[in-house]
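So the structure is just underneath, and the comments pick up after that.
Derivation of every value follows stated rules applied to the coordinates shown; laboratory data play no part. Keep in mind it's a predicted model, so treat the numbers as computed, not measured. In this analysis, Cβ positions are derived from the backbone assuming ideal geometry, glycine residues included, and neighbour counts consider all displayed protein chains.
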Amino acid sequence: MSQDMQLFLCGRRVKWRYHRLMTRVPLRKGWCPSLHAPMQTHDGWLVRVTPDLEGLKPAQLAFLAGKAEGEGNGRMTLTMRGNLQLRGFGEAAARRFAMEAADIGLGLADPERETRRRLLFMSPLAGLDPDCARDTLALAREVEAALAAAEAHWKPPEKFGVVVDGGGLVPSGVMRADLMLRHEEGGWVLHHGPDRHAVGRATLVPRVMNLIATASLTPGAERALHRAEPYAGRRPSLMGAFLPGCFGALAVLGEIGAATCHMLAETGANVRVTPWRGIVLDRPVEAPDLMTDPQDCRKALIACPGEGGCAQAASPTRLDALSLAPALSERSLHVSGCAKGCASRGQSNVTLVARETGYDLIWNGTVTDKPVETGLGVEDVRRRLRQR
């Protein structure tokens, strides 16, 4: 072989290796999808719906099920923040989805007002839990109305969140928030950053709006608020019957199929989508992709879409997570298809990060921690789990 040919082939190999490396470098999209801002993914376009504070009506569930099976990939994701995501849309269908969803009450037709509505989170059992403050829903509605009524072109800080926490069985204050309205000792207390203020009910909403406006106008103010985590708490497990007339279920790996969504619509009940990928309704339900038994070994699984769903993923994360569930022995497992850790930035008992050469294994850490072993196959991981 001539020297010129050797140099040519060497150059081709270098370019190929560089291409393989760069296609596996984690890429960040830079924004979160929303009703009016769908996002292109490896398996099509993704749309996100923020349900009403009081849940999804049967007609809305039927609409979502029809869209998932007719124009998407047949499944929908329940997010950690209580939203719904549908994947696999064509671009035209994704662009059309927003107005169709708004027509049935799944959001607002005005993109700016819809963006503001997405700022608000509430105790998911407000109005159902007798130990949740009675005016929680009313206060949340007042904040919602004030956000919608803000002057045109007013934009809140990026990824901002306001939580109305009425206490009770599900203290929504365990969620990360920039502003927290928390019911304490018979009154409402406003938390922002390290500050805590008891605020009169009449001035509470104006005070919230003023703080949001200040954060949106002052460089760096939103970052200071966003880093605040007013208090820690234990994430509740709403599975099976947990209050009179309340039944909960968690979605396996955060996803349900269109058939399950149709089934939920046929119950005729409003379905509340809770944080942490769960649902609450007024009757028991059974479906292969819903967990109602607190002992279900799949409840501690977290996984991103993986190969086929994301161009960055180097493994079939969801299949691998399910296959490893029986070996967990009540430990939590996060399987990430790449180093970004999109599905979770928190700590798990077992974290697997996929690489071209196999999984990195991290005990009691996050995707950013140093692995104890690298290049493991699924059977290698299974043996480690059984040995430890």
Review point. Considering the chain as a Gaussian network with a 10 Å cut-off on Cα pairs, which listed residue, Ala177, Ala152, Ala133, attains the greatest mean-square fluctuation?
Key: Ala152
Review point. Which is the longest run of the chain containing none of the GluC sites (Glu not before Pro) found in DSSP loop states (not H, G, I, E, B) with at most 13 other C-beta atoms within 10 Å?
Key: 1-150
Revision key, fill the gap. Surpassing 30 Å at the alpha-carbon level, of the pairs Lys155/Lys340; Lys57/Lys340; Lys159/Lys340, are Lys57/Lys340
Review point. Over the chain, what is the mean sequence separation of C-alpha contacts under 8 Å (at least six apart), divided by residue count, expressed as relative contact order in percent?
Key: 14
Point to revise | Sequence-separation-based contact order of region 232-388, relative, with Cα cut under 8 Å and 6+ spacing, percent | key: 15
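Please identify every one of the trypsin sites (Lys or Arg not before Pro) in region 338-370 that sits in a loop by DSSP and has no more than 12 other beta carbons within 10 Å of its own beta carbon.
Values: sites: Lys340, Arg345, Arg355; in loops: Lys340, Arg345.
When the trypsin sites (Lys or Arg not before Pro) of region 338-370 are filtered for loop state and at most 12 Cβ neighbours within 10 Å, Arg345 remain.
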Practice item. In whole Hz, with x marking every Gly and Pro, tabulate ³J(HN,Hα) for region 356-363 from phi via Karplus 6.51 cos²θ - 1.76 cosθ + 1.60, θ = phi - 60°. Key: 4, 9, x, 8, 7, 10, 10, 8
Revision key, fill the gap. Which residues qualify? For Thr274, with a placed amide H closer than 5 Å and at least 5 residues away or on another chain, they are Ile279, Val280
**Study point:** Amide H partners (placed H, <5 Å) of Met122, local residues excluded
**Key:** Val164
Review point. To the nearest 10 degrees, how steeply does helix 378-387 sit against the main Cα axis of the chain, on a 0 to 90 scale?
Key: 70
Exercise for review: Could you pull out the chymotrypsin sites (Phe, Trp or Tyr not before Pro) across region 127-195 that fall in loop regions by DSSP (anything but H, G, I, E, B) with no more than 15 other Cβ atoms inside 10 Å?
Suggested key: Trp154
